[in-house]
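Chemist: Take this structure first; my questions come after.
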Amino acid sequence: MIARRLGGVDGLVFQIMSGGFIAGQLYFLYIEPISPYLHALMFACVVMSMAFIGFGFLNPKGTGARDRVVLIDWVLAGLSLIPFLYAYFYVDFVQFLRRGSVPSQEDITVGILFLTLLIEAGRRVIGPI
């Protein structure tokens, strides 16, 4: 797939997200360490979010349409952060891990959201398989 050539506000937001991602990695590794599971979830969610901004739904002909980030991609990028925010702020993470064999309805809903977005982000970056 062909990545967008971001410029203007879209490019600036993507650069800020990239810098924040690196700062977050360093913060959660060295200043306030978190569980490796939670760290992996944060990594996956942020990379997924950046994939929705960096790669479009389709690969249209012409550069103008391909290089703009449309509203649905911003929405999907925001939705991609929900699983991490759910695990970090909303639930007790130790209890969240321990109830893996008997998840709550909220856990199932967030898990379905995560898997659906992960499949779509993978399709955008790698292409249909």
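The values are calculated or read from the model by the stated rules, or taken from the named source; none is laboratory data. Source: prediction; values computed, not measured. Please note: Cβ atoms are built from the backbone with ideal geometry, for glycine as well, and neighbour counts cover all protein chains shown. Only protein heavy atoms, including side chains, enter the accessible area calculation; ligands, DNA and RNA are left aside. Shrake-Rupley method; radii C 1.70, N 1.55, O 1.52, S 1.80 Å.
Chemist: How many residues, within the range 110-127, are surrounded by fewer than 13 Cβ atoms within 10 Å (Cβ to Cβ) and in a helix (DSSP H, G or I)?
Modeler: The qualifying residues number 5.
Chemist: May I ask you to list pairs of residues, at least six apart or on different chains, whose Cβ atoms are under 8 Å apart, with the first in the range 78-94 being free of Cβ contacts under 8 Å to residues at least 60 places away in the same chain and the second being open to solvent by less than 60 Å² (accessible area, probe 1.4 Å) and of a type in the set (Ser, Thr, Tyr)?
Modeler: That search, which allows pairs on different chains as well, returns GLY78/SER49; SER80/SER49; LEU81/SER49; PHE93/SER35.
Chemist: Follow-up. Filter the range 71-100 down to residues that are more than 20 Å from PRO36 (Cβ to Cβ) and modelled with pLDDT under 90, then give me how many there are.
Modeler: Selection size over the range 71-100: 0.
Chemist: Has the range 67-89 got at least one residue that is in a loop (DSSP other than H, G, I, E, B), of a type outside the set (A, V, I, L, M) and surrounded by fewer than 12 Cβ atoms within 10 Å (Cβ to Cβ)?
Modeler: no
Chemist: Which one of PRO60, PRO103 is assigned to a loop (DSSP other than H, G, I, E, B), modelled with pLDDT of 85 or more, out of contact with any Cys (no Cβ under 8 Å at 6 or more places or on another chain) and not aromatic (Phe, Trp, Tyr)?
Modeler: That would be PRO103, the only listed residue that is assigned to a loop (DSSP other than H, G, I, E, B), modelled with pLDDT of 85 or more, out of contact with any Cys (no Cβ under 8 Å at 6 or more places or on another chain) and not aromatic (Phe, Trp, Tyr).
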